[in-house]
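These notes are about the structure you will find just below.
The values are calculated or read from the model by the stated rules, or taken from the named source; none is laboratory data. Predicted model, so just to flag it, every value in this text is computed and none were measured. Note that we place each Cβ from the backbone using ideal geometry, even for glycine, and neighbour counts take in every protein chain shown. The area values use the complete protein model at the heavy-atom level, side chains included, leaving out ligands, DNA and RNA. Shrake-Rupley method; radii C 1.70, N 1.55, O 1.52, S 1.80 Å.
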Amino acid sequence: MARAAVLCVSLLLYLAFASGADAAKKKVGFYELKNKKGDFSIKITNWGAALVSVIVPDSKGNLGDVVLGYDTVAEYVNGSSYFGALVGRVANRVAKGRFVLDGKAYHLYINDGKNALHGGHRGFSKVIWTVKEYVPSGDSPYITLYYHSFDGEQGFPGDLDVYVTYELSNPYDLRIRMNATALNKATPVNLVNHAYWNLGGHASGDVLGHLIQVFASRYTPVDNVMIPTGEIAGVAGTPYDLRQLTPLGSRINLVSGGGAVGYDINYEVQGDGFRPVAYVRDPKSGRAFKLWADQPGVQLYTNNWMKDEKGKAGAVYQKHDALCLETQGFPDAVNHPNFPSVIVRPGGVYKHDMLLFKFSH
Ligand SMILES: *[C@@H]1O[C@H](CO)[C@@H](O)[C@H](O)[C@H]1NC(C)=O
Ligand SMILES: *[C@@H]1O[C@H](CO)[C@@H](O)[C@H](O)[C@H]1NC(C)=O
């Protein structure tokens with residue numbers, strides 16, 4: 001009896017302790033990573049595994065924060081712009097929130113007209129992630145966040161274990177690595193990082209003067225509600241042709257998506273494996289980066305709808321104040337057999353590596 005009672009008490013103590021430790025790891029807050037020199041740092045929140053800030057020098061050595069975002073977790077909880085967030089289970093749109101997989105029809109949460117967008121009402125960008133590892137300083141500071149997505153969450157099939165690691169390395173490289181393991185059912189997976197970049201600084205106004213190059217000769221045209229038609233069209237002779245370094249503003253008025261002026265389009269990135277996706281340079285600040293990734297596509301979005309959005313340190317963001325380069329599987333791939341598959345089978349692993357190479361001048 002006594003022995004059983006002792007066992008019982010120690011088990012209770014253990015459970016209380018374990019859940020206390022878990023609670024600490026799940027506490028929602030901001031986590032900073034900083035290089036040794038002190039001139040390159042980022043902040044992450046485990047609300048939505050979002051990239052909150054990226055601070056890098058300009059050509060004169062002045063530090064600036066080059067992503068849009070908020071000052072408080074409460075604003076991330078309330079926000080609807082996906083600032084810096086890790087978007088999933090399936091980023092971008094799924095037509096009518098419906099797809100058929102292995103003969104079974106699935107219905108996702110509808111949150112964008114008649115379509116599903118960015119994983120639904122409570123996608124991965126609207127949940128608390130667990131901090132698994134956190135090394136804030138040193139040669140390559142990093143943080144790893146984990147989320148368990150349950151079978152049926154927002155309509156998606158099967159349990160899924162998801163990890164994302166943000167890591168800094170010398171001199172000014174930011175690496176983002178994601179993986180997801182399907183535990184018991186086949187499921188679509190398409191994770192993106194939704195950072196809004198402004199290399200002049202998050203509060204410096206529009207990015208129309210940024211120079212951009214996208215290493216893609218084809219893109220996926222969309223209908224009036226932003227669903228791909230299924231065609232994979234050549235960019236040659238269209239305003240989507242960004243194969244040469246081009247001022248972002250030079251043709252922005254010739255393109256629109258869903259009724260707003262600006263780029264909101266998926267490109268088929270040239271080549272295979274881990275390869276350059278895009279290059280962006282801000283001539284004013286001298287800041288630049290080359291984006292590498294191993295995904296089939298990239299969504300170029302020029303923040304076409306934003307109006308008077310209150311952001312960090314009193315900044316008020318407007319449309320075209322930033323650009324997003326979301327490396328990804330193609331939008332609505334679940335409904336287009338000619339697009340690269342985004343299906344992960346039980347025991348299978350989805351992987352996605354991104355590198356923002358050499359924030360430099
Ligand atoms: C929540 O979001 C709405 C709509 O974007 C905004 O008007 C409101 O000010 C926000 N509230 C807080 C507390 O941030
Ligand atoms: C996913 O990433 C985590 C964190 O880096 C790692 O521990 C794990 O082994 C990875 N899983 C797979 C299947 O690669």
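Would you say G273 is modelled with pLDDT of 95 or more and surrounded by fewer than 16 Cβ atoms within 10 Å (Cβ to Cβ)?
In short, yes.
Given the structure, is Y172 in contact with a strand residue (DSSP E or B) (Cβ under 7 Å, 6 or more places away or on another chain), away from ligand 2 (no atom under 15 Å from the Cβ), touching a residue at least 12 places away in the same chain (Cβ under 8 Å) and open to solvent by 10 Å² or more (accessible area, probe 1.4 Å)?
yes
Tally time: how many residues in the stretch 305-361 are under 30 Å from D71 (Cβ atoms), more than 16 Å from ligand 2 (Cβ to nearest atom) and at pLDDT 95 or above?
Count: 24.
Select from the stretch 310-336 the residues that are part of a strand (DSSP E or B) and not charged (D, E, K, R) and write down the one among them that is surrounded by the fewest Cβ atoms within 10 Å (Cβ to Cβ).
The selected residue is V316.
Test of understanding: among K290, K307, K358, which residue is open to solvent by 40 Å² or more (accessible area, probe 1.4 Å), in a loop (DSSP other than H, G, I, E, B) and under 30 Å from T72 (Cα atoms)?
Sole residue among the options that is open to solvent by 40 Å² or more (accessible area, probe 1.4 Å), in a loop (DSSP other than H, G, I, E, B) and under 30 Å from T72 (Cα atoms): K307.
Taking Y267, is it of a type in the set (S, T, Y), surrounded by 22 or more Cβ atoms within 10 Å (Cβ to Cβ), in contact with a strand residue (DSSP E or B) (Cβ under 8 Å, 6 or more places away or on another chain) and in contact (Cβ under 8 Å) with a residue 40 or more places away in the chain?
So Y267 passes the test.
Can T165 be described as out of contact with any Ser or Thr (no Cβ under 8 Å at 6 or more places or on another chain), among the β-branched types (V, I, T) and within 16 Å of ligand 2 (Cβ to nearest atom)? Quick ask: steps written out before the conclusion?
Values: out of contact with any Ser or Thr (no Cβ under 8 Å at 6 or more places or on another chain): no; among the β-branched types (V, I, T): yes; within 16 Å of ligand 2 (Cβ to nearest atom): yes.
No; evaluated as a whole, the condition is false for this residue.
Within the stretch 75-90, work out how many residues are open to solvent by 10 Å² or more (accessible area, probe 1.4 Å) and away from ligand 1 (no atom under 16 Å from the Cβ).
Summing the residues that are open to solvent by 10 Å² or more (accessible area, probe 1.4 Å) and away from ligand 1 (no atom under 16 Å from the Cβ) in the stretch 75-90 gives 1.
Looking at G79, G120, which is the one that is small (G, A, S) and closer than 17 Å to Y147 by Cα?
Exactly one residue qualifies, and that residue is G120.
Suppose we keep only residues that are open to solvent by 20 Å² or more (accessible area, probe 1.4 Å) and outside any strand (DSSP E or B) within the stretch 92-107. Which one would you say is nearest to A333 (Cα to Cα)?
Here the residue is A95.
Given G158, G138, G119, G152, which one is in contact with a Pro (Cβ under 8 Å, 6 or more places away or on another chain) and of a type outside the set (D, E, K, R)?
The match here is G158.
Search the stretch 251-270 for residues being modelled with pLDDT of 95 or more and in a loop (DSSP other than H, G, I, E, B), and hand back the single one that is nearest to C324 (Cα to Cα).
Y263
Here's the yes/no breakdown for (1) within 19 Å of D112 (Cα to Cα); (2) touching a helix residue (DSSP H, G or I) at 6+ places or on another chain (Cβ under 9 Å):
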| site | (1), (2) |
| --- | --- |
| Q299 | yes, no |
| W305 | yes, no |
| H320 | no, yes |
| L323 | no, yes |
| A333 | yes, no |
| N338 | no, no |
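Can you find a residue in the stretch 133-147 that is within 16 Å of ligand 1 (Cβ to nearest atom) and open to solvent by 30 Å² or more (accessible area, probe 1.4 Å)?
no
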